[in-house]
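Working notes for the structure below.
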Amino acid sequence: MRRTGMVGLLTACVLVLWGGRLPAAEVTLAPASERFAAAGAEEVPDFQRHTVPLLGKLGCNGRACHGSFQGRGGFQLSLFGYDFKMDHAGLLDRIDTNAAADSYALHKALLTEPHEGGKRMDEGSWEHHLLLRWIESGAAPRADDAPELVRLEVTPNELLFSEAGQQIQLQAVAVWGDGTREDVTCLTRFQSNDEVIADITPGGLVTCGEPGDTHVGAFYDNAVVPLPVLRPVSDLTGDRYPQLAAATAIDDHILTKLRKLGVVPSDLCTDEEFLRRVSLDITGTLPTVEQVRAFLADTSADKRARKIDELLNTEAYASWWTTRLCDWTGCNDEQLNNVNPVRRQAGSRDWYDWIHARVAKNVAYDDLVEGIVVAQSRLPDESYRDYCERMSDCYRDESASFADQPGLIYFWGRQNFRTTEDRAIGFAYTFMGTRIQCAQCHKHPFDVWTQSDFQQFEQFFTRVNFARNGRDKDEFNEILKAAGIDLKNKNGNEQRRAIENAIGEGKTIPFPELVVQQERPNRRKTKEDDAPQATTARLLGSAEVNLAEIEDPRTALMDWLRQDEKRLFAKSFVNRVWANYFHRGIVEPTDDLSLANPPANQALLDYLAEGFIASGYDMKWVHREICRSDAYQRSWRPNETNRLDERNFSRGVPRRLPAEAAYDALQLATASDEVAGRFLSDMDSRAIAIPGVGRNATTGPNYALTVFGRSTRDSNCDCDRSAEASLLQVVFTRNDADIYRLMDRNDGWLRTVTRGMQGDEAKSEGDERRLASLEAQLASARQRLAKAKQSGKQKQAELVREKVEELKSKIAELRPETPEPSAAPALDASSLVEDAYLRTLSRKPSSAEVELGNEFINTAATPAEGLRGLLWTLLNTKEFIVNH
C-alpha cells in the first residue's frame with residue numbers, strides 16, 4: 001500500500017519545483033517516513049501537518065505524558081496536540097534553532113538526557129530527521145492562514161478477513177483545503193475497539209484474530225475515521241448463505257451484515273413470547289391471563305401487527321414512554337427542589353404531566369423538544385402578574401393543568417443545569433446522545449470537537465436565566481404583599497409553607513420565570529474598521545451565528561437540531577428507542593454517538609433516522625417500524641452461528657426488566673383478574689407512572705425501584721439506569737415484606753381463588769391490628785376534612801379528601817363486603833397451575849410443569865398454602881424477571 005522509494009524521490013523533486021507545495025491535483029505526496037528517511041532532506045516540515053502529529057504518534061502529548069493537565073518535568077503539551085500556539089511556545093523553550101542537534105527536546109526523546117518517558121525515537125531515524133529539520137529551518141509555527149484538513153481518506157474502507165493471522169495494511173491520506181494530498185499513514189494514530197478480533201500496529205497493520213466484527217479507528221489532526229472489521233463466524237457466506245427474505249427494511253439492513261458474518265438469524269419467536277415481549281417493551285406491562293388466551297386463540301395472519309397498534313394506543317404506552325423521556329431529560333425531585341412554589345415536589349409532577357400530555361397525543365418529537373428548548377414563561381404581551389395568575393390557576397382550578405402550558409421551563413431550572421458548561425454538556429447528552437465534556441479542557445479524544453468548539457457552543461446558553469424571584473424583584477414582592485404573605489424573619493421552610501398556604505386559600509402567588517437576557521453589544525473595535533465586533537458563537541461542527549441578531553439564541557439551537565447534517569438529533573432518539581427493544585443500542589453506549597464509537601450497523605441507523613425525519617418525527621412510527629420487523633420478533637433460542645452474537649440483532653437476547661416494569665409485573669402477577677384487567681388504562685398505582693425520582697425510602701415502590709436500578713437522573717448519562725442483576729434484588733423478591741403484601745392483599749389473585757378453601761382464613765391477627773389503625777386514621781382525617789371545608793380552604797380540603805378515599809380503600813381491602821361462600825369450592829389444581837403460569841410467565845405450562853404444580857398444591861398443608869408457594873416460586877424464576 002505504501003509508496004515506493006522512487007515515488008518518494010519523484011515527489012520530493014516535485015516539491016522543490018513547486019516551492020515546497022504541491023499543485024491542486026490528484027498527486028499524493030509520499031509519507032514522511034520516506035521523505036525524511038535520509039539526513040539532509042531539503043523539505044521543511046510543517047508544524048501542523050508533521051511536527052504535532054509526530055509528537056502524538058510518539059506519545060509525547062498523550063494523557064500519561066506531557067499532555068496531562070500537570071505536564072511532565074515542567075513541560076506541558078496540549079492533550080492530543082490541538083492547541084498549536086501553546087505547543088509551539090512550549091517547544092521553543094526546549095529547542096535551539098542555532099544548534100538544532102543540541103536541542104534539549106531531542107536529547108530527551110533520544111534518551112541522551114534522562115527521560116521519565118523513556119526513549120521515544122532512534123538517532124538517525126526518519127522521526128529524528130523530521131524534528132531536526134523542522135528545528136534547524138527555524139521551527140516555524142502554524143501559519144494563521146494555513147489550510148484546514150478537509151478529510152482523511154483511509155483505505156481499504158472495510159476490512160474483510162477469512163482466517164486468523166491474515167493481515168491488511170491501512171493507508172491514510174490527508175486532503176487539505178489547498179488541494180494537496182499526502183500519505184500520512186506514518187503520522188496517524190491507530191486504535192482497535194476489540195483487540196481480540198483485530199489487532200493493529202502503530203503503523204496501521206491490522207492482524208485478524210477471533211471471528212466476529214469490530215472497528216479500528218484512524219486519528220490524524222482533527223479527523224477520526226472508523227473502519228469496520230469482519231471475520232465470518234461460519235462458512236455460510238456468499239452463495240452458501242441461506243436464502244432468507246427480508247420482511248422489512250430493517251431486516252434487509254441487518255441481513256446484509258449477517259451475510260458477511262456468516263450468521264444465520266434465529267427463527268421467529270412463539271406467539272406467547274411475542275405477546276409478553278411486546279407488551280413489556282411498549283407498555284411496561286405484563287399481558288393478563290385473558291389477553292394471553294385471546295391472543296393464542298386468534299388465528300389471523302396480522303394479529304401481531306394489530307397487537308402492536310393496540311398497545312401503542314393505550315394509556316400504559318403513554319405513561320411508560322413519558323417515564324423514559326423523563327429519564328433522558330432529567331426529571332429529578334432533588335434537582336427540581338423549589339422550582340415550583342406550590343409544593344416541593346410539584347416540579348417533577350408538572351414535568352411528567354407536561355410530557356405525558358404530548359406523548360398521549362403523539363405530538364411530533366421535534367415539536368415536543370422545541371417546547372423544552374425554547375420554553376418561555378410568559379405568553380406574548382403577558383405581564384408578570386398575568387403570568388402568575390395563569391400559573392396559580394393551574395393549582396387552584398381543577399380544570400387547569402401545567403400540561404397546558406406551552407413550554408417546559410423547569411428543564412432550565414434544575415440545580416445541575418445552571419452553569420453554561422453544565423448546560424452545554426447536558427444539552428448534547430439529552431438531545432444529541434453525545435458526550436462533549438472532554439472538550440471542556442482539550443480536544444475530544446474520540447470526535448472532532450475541540451476546546452474552542454466547546455467554548456463557542458457555551459455561548460448559546462449564557463443569556464438564559466431561571467429567575468426564582470422573577471425578573472423584577474419589586475413585582476415579585478408586590479404579588480407577595482397582595483396575597484398577604486410576609487416572608488420577613490422566616491427561614492426557607494417557613495417561607496415555603498406560607499406560599500403553599502396562600503395558594504391553598506385561592507390566592508395568587510409569585511412564580512419563578514425563565515428570562516432570556518438581551519445581548520450586550522461587544523464594543524471592542526477591530527483593526528480593520530471602527531465598527532463594534534459581532535458577538536458570534538459556533539454550533540458544534542456547524543455554522544457561526546451572530547448572537548446579536550437573535551432575540552433568543554435557543555431558537556438557533558432548535559433550528560440546528562432539525563437541520564444538522566449529522567442527524568444526531570434524530571439518531572439519538574431512534575438509537576435509544578432501539579435499545580429499549582433490544583439488549584443494546586445500534587450505538588452502544590446509547591449516549592456516546594462519537595466518530596470513534598461507530599454504530600454496529602451504520603445503514604440501519606441511517607435508515608431509522610431518515611425515516612423518523614420523513615415521518616415528521618412521529619414517535620409511534622419508530623416503535624411500529626421496530627416491532628413489526630422480524631429482527632424484533634426473533635426467538636431468544638440461538639443456533640450454532642449466532643449463539644455468541646449480542647451486537648448484530650440476529651436473535652432475541654434475554655434482558656432484565658426495567659425497574660418500573662419489574663415492580664409492576666409483581667403487582668399484576670399477584671393481582672385479581674379484575675384489577676389486572678385495568679393495568680393498561682388505570683395508572684393510579686403503576687410504577688411506570690411515578691413522575692420523579694423518589695427520595696430514599698425503605699419500603700414501597702421507591703425502595704423497590706431503587707433495588708431494581710431505576711434511573712437516578714442525577715447526571716445526563718444514560719448509565720443512571722442500571723440493568724445489572726444484584727443480590728439485593730434476589731433478597732427482595734424472596735423475602736421482602738412488600739412481596740408478601742402483594743401476594744396476600746385482599747384484592748389479590750391468591751385471596752380471590754382460595755377464599756373458602758380448607759385452611760384459608762379471611763383475616764390474620766396482623767390484619768386485625770392494621771384494620772384498627774386504619775380506622776383510627778380515617779376518623780382523624782374526616783375531622784380535618786370538616787375543618788378545612790368550614791374554613792373555605794378548598795385546596796387543603798381536596799388533599800384531605802384524597803387521603804380519606806385512600807384510607808377507605810385500604811380498609812375495604814382488609815374488610816371485604818363480599819360474603820364468604822358457605823361451602824368450599826371444588827378445587828381444580830391443574831387449572832390453577834395454568835393460571836399461575838399465564839399470569840407470571842405469560843405461557844401455558846408443560847405437562848411436566850402441570851404435574852409438578854399439582855403435586856405442590858396437593859401435598860402442601862392446605863391447597864391455599866400450596867398455591868401460594870407455587871406463585872412465590874414462579875415470581876422468583878429467572879424467566880419471570882427477564883424479558884425474552
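The values are calculated or read from the model by the stated rules, or taken from the named source; none is laboratory data. All values derive from a computational prediction rather than experimental measurement. Neighbour counts run over all protein chains shown; Cβ positions are idealised from the backbone, glycine included. Only protein heavy atoms, including side chains, enter the accessible area calculation; ligands, DNA and RNA are left aside. Shrake-Rupley method; radii C 1.70, N 1.55, O 1.52, S 1.80 Å.
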task: Within region 670-692, which residues have the backbone N less than 15 Å from the label spot 7 Å out from GLU334 along Cα→beta-carbon, could you tell me?
output: 692
- prompt: Given +1 on the Cβ of Lys and Arg, -1 on the Cβ of Asp and Glu, and no further charges, what dipole in debye does the chain carry about its Cα centre, rounded to the nearest 20?
  reply: 1780
query: Can you give the accessible area per residue of the chain, in Å², using a 1.4 Å probe?
result: 45
message: Loop only by DSSP, 14 or fewer other Cβ within 10 Å of the Cβ. Give me the trypsin sites (Lys or Arg not before Pro) in region 133-223 that pass, ordered by residue number.
response: none
- prompt: Taking region 177-229, how much of its Cα-Cα pair set, in percent, is spaced more than 14 angstrom apart?
  reply: 52
- prompt: Separation between the THR299 and THR712 pseudo-spin-labels, each 7 Å from Cα along Cα→Cβ, expressed in nm?
  reply: 5.5
field: Two-decimal Rg to Rh for region 266-412 - Kirkwood Rh, Cα set
entry: 1.11
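Just the number: Rg to Rh for the chain, Cα atoms, Kirkwood Rh, two decimals. All intermediate terms of the calculation are to be shown ahead of the outcome.
Values: Rg = 33.2 Å, Rh = 31.9 Å.
Radius of gyration over Kirkwood radius for the chain works out to 1.04.
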query: Points 7 angstrom from Cα along the Cβ direction at TYR104 and GLU805: gap in nanometres?
result: 7.9
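Exactly which trypsin sites (Lys or Arg not before Pro) in region 25-120 are in a DSSP loop and have at most 16 other Cβ atoms within 10 Å?
On the way: sites: ARG35, ARG49, LYS57, ARG63, ARG72, LYS85, ARG94, LYS108, LYS119, ARG120; in loops: ARG63, ARG94, LYS119, ARG120.
Here the sparse-neighbourhood loop sites are ARG63, ARG94, LYS119.
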- request: Starting from region 275-371, pick out the trypsin sites (Lys or Arg not before Pro) whose DSSP state is loop and whose Cβ has at most 12 other Cβ atoms within 10 Å.
  value: LYS361
- request: Would you be so kind as to identify which of ALA661, PRO691, ASN716 lies farthest towards the positive end of the dipole of region 583-716, taking Lys and Arg as +1 and Asp and Glu as -1 on Cβ and the Cα centre as origin?
  value: ALA661
- request: Sort region 285-342 into rounded, prolate or oblate with this rule: let a ≥ b ≥ c be the square roots of the eigenvalues of the Cα gyration tensor; rounded if a/c is under 1.5, and if a/c is not under 1.5, prolate when a/b is larger than b/c, oblate otherwise.
  value: prolate
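Dipole magnitude of region 551-636 about its Cα centre, charges +1 at Lys/Arg Cβ and -1 at Asp/Glu Cβ only, in debye to the nearest 20?
Details: 11 positive and 13 negative charges, 81 e Å.
Value, rounded to 20: 380 debye.
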field: Inter-probe distance in nm under a simple model that places probes 7 Å from Cα toward Cβ, at GLN166 and CYS719
entry: 3.5
- prompt: Of THR285, THR430, VAL730, whose Cα points farthest to the positive end of the dipole of the chain (charges on the beta-carbon: +1 Lys, Arg; -1 Asp, Glu; origin at the Cα centre)?
  reply: VAL730
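Roughly what percent of Cα-Cα pairs across region 94-153 reach past 13 Å?
Values: 1163 of 1770 pairs.
Result: 66 percent of Cα pairs exceed 13 Å.
Taking a ≥ b ≥ c as the square roots of the eigenvalues of the Cα gyration tensor of region 584-713, is the shape rounded (a/c under 1.5), prolate (a/b larger than b/c) or oblate?
Numbers: a/c = 1.74, a/b = 1.66, b/c = 1.05.
Prolate is the answer for region 584-713, as a/c is 1.5 or above and a/b outweighs b/c.
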- line: Here Rg/Rh (Cα, Kirkwood) for region 25-103 equals 1.02
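Ignoring any ligand, DNA or RNA, what whole percent of the accessible area of the chain comes from carbon and sulfur when the probe is 1.4 angstrom?
Working: 19140 of 39630 Å².
Carbon plus sulfur share of accessible area: 48 percent.
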task: Take every Cα-Cα distance within region 301-382, group them into 10 Å bins from 0 onward, and report for each bin the whole-number percent of pairs it holds.
output: 16, 39, 30, 10, 4, 1
